[in-house]
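See below for the structure under consideration.
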Amino acid sequence: DVKVTQSSRYLVKRTGEKVFLECVQDMDHENMFWYRQDPGLGLRLIYFSYDVKMKEKGDIPEGYSVSREKKERFSLILESASTNQTSMYLCASSSTGLAGGHETQYFGPGTRLLVL
Amino acid sequence: KQEVTQIPAALSVPEGENLVLNCSFTDSAIYNLQWFRQDPGKGLTSLLLIQSSQREQTSGRLNASLDKSSGRSTLYIAASQPGDSATYLCAVRRDAGKSTFGDGTTLTVKP
């Protein structure tokens, strides 16, 4: 079974703090994603990575950065946390199919972040 | 810009009923469409993935169909059970790596 793990289930931080959210997958997937989920807004893509050291902006990258130094690990960084970044953060990974198509996304359990 | 709509937003049915969840999307140029289940406070669990060249996929009591030309997908759940209660989301993969998610349908199956 594919396993995607996230470093914390719950996190409480103060405004202005630098926050690191870690995600690790164990299936050698090329692609990794960070989403946030908010009531009424659904899931929105923050960043994704299709290879080590490669990253692309999603729909809402402002206020976030990412790092992918190893294939299995994808980190989301909030440089200076703000209250509007209080949310559920979900990490996902997927492989790239033989024909180049993107295969099933597997999600981690989520990190619920509260910024005070 | 791809938009994904799921109707209804909430559905309550008695146990044993067959039901259909709907997902519509505005841009038919898609890579694939995936259905997920999400339990409260948890991550998403993949149910079915349909590639753009496919018309349907089946897994157990679940059947998902895809009609790209009309921008629609349906998730059919046969003989529903209380354990099926969850939020069901569809996600349309629109280009390299990027998916657009619907807001979900929250299903309650009453014993």
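The values are calculated or read from the model by the stated rules, or taken from the named source; none is laboratory data. Here the structure is a predicted model, which means the values were calculated and not measured. When we count neighbours, we look across all protein chains shown, and the Cβ atoms used for this are built from the backbone with ideal geometry, even at glycine. Side chains are part of the model used for accessible areas, which takes the heavy atoms of the whole protein and leaves out ligands, DNA and RNA. Shrake-Rupley method; radii C 1.70, N 1.55, O 1.52, S 1.80 Å.
Inside segment A:42-55, can you point out the residues that are surrounded by 12 or more Cβ atoms within 10 Å (Cβ to Cβ) and more than 12 Å from the chain's Cα centre (by Cα)? Within segment A:42-55, A:42, A:50, A:51, A:52 qualify. Is it fair to say residue B:3 is touching a residue at least 40 places away in the same chain (Cβ under 8 Å), open to solvent by 20 Å² or more (accessible area, probe 1.4 Å) and within 12 Å of chain A (Cβ to nearest Cβ)? Considered against the rule, which asks whether it is touching a residue at least 40 places away in the same chain (Cβ under 8 Å), open to solvent by 20 Å² or more (accessible area, probe 1.4 Å) and within 12 Å of chain A (Cβ to nearest Cβ), residue B:3 comes out as yes. In segment A:24-41, the qualifying residues are those that are under 20 Å from residue A:67 (Cβ atoms) and within 11 Å of chain B (Cβ to nearest Cβ), and the one that is most open to solvent (accessible area, probe 1.4 Å) is A:30. Taking the listed residues A:68, A:112, the one that is open to solvent by 40 Å² or more (accessible area, probe 1.4 Å), among the charged types (D, E, K, R), assigned to a strand (DSSP E or B) and touching a residue at least 24 places away in the same chain (Cβ under 8 Å) is A:112, with no other qualifying.
Among the residues of segment A:34-55, at least one is modelled with pLDDT under 95, in a strand (DSSP E or B) and in contact with a Ser or Thr (Cβ under 6 Å, 6 or more places away or on another chain).
Looking at the structure I just gave you, is residue A:59 in a loop (DSSP other than H, G, I, E, B), acidic (Asp, Glu) and under 20 Å from residue B:103 (Cα atoms)? For residue A:59, the condition - in a loop (DSSP other than H, G, I, E, B), acidic (Asp, Glu) and under 20 Å from residue B:103 (Cα atoms) - is met. Among the residues of segment A:25-39, is there at least one that is without any contact (Cβ under 8 Å) to a residue 40 or more places away in the chain and more than 20 Å from residue A:103 (Cα to Cα)? Yes - at least one qualifying residue is present in segment A:25-39. Total residues in segment A:71-100 satisfying the condition of being open to solvent by 50 Å² or more (accessible area, probe 1.4 Å), modelled with pLDDT of 95 or more and not in a loop (DSSP other than H, G, I, E, B): the figure is 3. For segment B:75-111, the set of residues classified as polar (S, T, N, Q) and within 14 Å of chain A (Cβ to nearest Cβ) consists of B:87, B:99, B:100, B:105, B:106, listed by residue number.
What about residue B:24, is it more than 9 Å from chain A (Cβ to nearest Cβ), over 22 Å from residue A:94 (Cα atoms), more than 15 Å from the chain's Cα centre (by Cα) and surrounded by fewer than 20 Cβ atoms within 10 Å (Cβ to Cβ)? Taking the combined requirement at face value, the residue does not satisfy it.
All but one of (1) away from chain B (no Cβ under 13 Å); (2) open to solvent by 30 Å² or more (accessible area, probe 1.4 Å); (3) in contact (Cβ under 8 Å) with a residue 60 or more places away in the chain; (4) under 19 Å from residue A:70 (Cα atoms) hold for residue A:15, so report the exception by its number. Here residue A:15 clears every test but (4). State whether one or more residues within segment A:15-24 are aliphatic (A, V, I, L, M) and part of a loop (DSSP other than H, G, I, E, B). Checked against the condition, which is being aliphatic (A, V, I, L, M) and part of a loop (DSSP other than H, G, I, E, B), segment A:15-24 yields no hits at all. Residue B:71 passes every criterion in (1) within 14 Å of chain A (Cβ to nearest Cβ); (2) on the phi > 0 side of the Ramachandran plot apart from (1). Among the residues of segment B:22-31, are any part of a strand (DSSP E or B), under 21 Å from residue B:111 (Cα atoms) and in contact (Cβ under 8 Å) with a residue 24 or more places away in the chain? No. For segment A:44-53, the criterion of being acidic (Asp, Glu) and within 10 Å of chain B (Cβ to nearest Cβ) is met by none of the residues.
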